[in-house]
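Working notes, structure below.
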Amino acid sequence: MDDLAGKTVIIAGVGPGLGRETALVAFREGANVVLGARTEATLKSVADEVDATGTRVAFAVTDVTSQSDCDGLVATAVDRFGRVDAVVSCAALDTLFGGLEAAHDFSTWQATFDVNLFGSLRMVRAALPELRRNHGSVVFVSSQTQHYPPPEVQQMGYASSKSALTGAMRHLAGEVGPDGVRVNEVAPGWMWGPPVEGYVKFTAQHRGVAEEVVLGELTARMPLRRMATDGEVAEAIVFFASDRAAGITGQTLLVNAGEIVK
């Protein structure tokens, strides 16, 4: 459909799941795609998959806890393609489990906030001049867990970081909206991709049951009786990045197969 033809999209936090899928969808829609992640091998692999010719893809090793790295990723986009039209922040530290009693000195919470909240904001701050110039779009990746703690997994610190990101998203939409910049977020629930596939496999082995049993328990409360895939979440992200969402800002879109409605 070429919804992003002629535009340049930065995707920060590219891994084998959602970041990769977002890059593939953005490229399909005509965008120049600029990838950022901490692991160069991952970047090279995804870049080759997105565009083996290298014509419409670029990347730079990027740690979103470093403002200079975020600045460098934007510079890579501008040097290569002359502009930035959208920033998608997929970087996430989601391996923090437990509740308040497990927090101890909150150091692991602080590390999670540094990636999930401040990393996203660093990336946007680096790109703001370009986004203002091009009336661009910001898309954050939040999480359903802040609205509905799943009974299977306790992630209080992670959920708190995503709640903070939602608050920042709403305020940022008001701050940069007069400049023509839109800010929205997608909040996946259980999302079928490499991390959840691994969780289902591990849980099934631990309980001594078939993977289909674990998956069925998770999807039974979803009206669609299946999980949204990471590719389907990527479609929602790219919609927000495109001009099809030109009249939308400050909003959260749950992509969750209907597990909860708001």
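Among the residues of the stretch 123-155, which ones are surrounded by fewer than 21 Cβ atoms within 10 Å (Cβ to Cβ) and touching a helix residue (DSSP H, G or I) at 6+ places or on another chain (Cβ under 6 Å)?
Scanning the stretch 123-155 gives 132, 146.
In the stretch 1-36, what count of residues is obtained for those that are among the β-branched types (Val, Ile, Thr), under 21 Å from residue 69 (Cβ atoms) and under 14 Å from the mean Cα position of the chain (by Cα)?
5
When residue 45 is evaluated against the numbered criteria (1) part of a loop (DSSP other than H, G, I, E, B); (2) without any contact (Cβ under 8 Å) to a residue 40 or more places away in the chain; (3) within 25 Å of residue 196 (Cβ to Cβ), which criterion, by number, is the only one it fails?
(1)
Given the residues 84, 9, 25, which is the only one that is at pLDDT 95 or above, β-branched (Val, Ile, Thr) and touching a Ser or Thr at 6+ places or on another chain (Cβ under 8 Å)?
So the residue among 84, 9, 25 that is at pLDDT 95 or above, β-branched (Val, Ile, Thr) and touching a Ser or Thr at 6+ places or on another chain (Cβ under 8 Å) is 84.
If we scan the stretch 101-114, do we find a residue that is closer than 12 Å to residue 8 by Cβ and either at pLDDT below 95 or surrounded by 23 or more Cβ atoms within 10 Å (Cβ to Cβ) (or both)?
So far as the stretch 101-114 goes, no, none of its residues is closer than 12 Å to residue 8 by Cβ and either at pLDDT below 95 or surrounded by 23 or more Cβ atoms within 10 Å (Cβ to Cβ) (or both).
Residues of the stretch 159-177 being modelled with pLDDT under 95 and aliphatic (A, V, I, L, M), which ones?
159
Residue 229: on the phi < 0 side of the Ramachandran plot, at pLDDT 95 or above and not hydrophobic (A, V, I, L, M, F, W, C), yes or no?
Judged against the criteria, residue 229 is a match.
When the residues of the stretch 61-73 are filtered to those that are among the hydroxyl-bearing types (Ser, Thr, Tyr) and either outside any helix (DSSP H, G or I) or in contact (Cβ under 8 Å) with a residue 24 or more places away in the chain (or both), which remaining residue is nearest to residue 113 (Cα to Cα)?
So the residue we want is 65.
Read through the list (1) in a loop (DSSP other than H, G, I, E, B); (2) touching a Phe, Trp or Tyr at 6+ places or on another chain (Cβ under 9 Å); (3) closer than 22 Å to residue 124 by Cα, then give the number of the only condition that residue 76 fails.
Residue 76 satisfies all of (1) in a loop (DSSP other than H, G, I, E, B); (2) touching a Phe, Trp or Tyr at 6+ places or on another chain (Cβ under 9 Å); (3) closer than 22 Å to residue 124 by Cα except (1).
Take the stretch 203-239 and flag every residue that is surrounded by fewer than 11 Cβ atoms within 10 Å (Cβ to Cβ) and part of a helix (DSSP H, G or I).
206, 207, 212
Here are some conditions: (1) exposed (fewer than 15 other Cβ atoms within 10 Å of the Cβ); (2) assigned to a loop (DSSP other than H, G, I, E, B). Residue 250 meets all but one. Which one does it not meet?
So residue 250 meets the others, but not (1).
Suppose the filter is in contact (Cβ under 8 Å) with a residue 24 or more places away in the chain, within 21 Å of residue 231 (Cα to Cα), in contact with a strand residue (DSSP E or B) (Cβ under 6 Å, 6 or more places away or on another chain) and among the β-branched types (Val, Ile, Thr); does residue 25 pass it?
When the stated conditions are applied, residue 25 does not pass them.
The values are calculated or read from the model by the stated rules, or taken from the named source; none is laboratory data. None of these values were measured; they are calculated from a predicted model. All Cβ positions, even for glycine, are placed from backbone atoms using ideal geometry, and neighbour counts span all protein chains on display.
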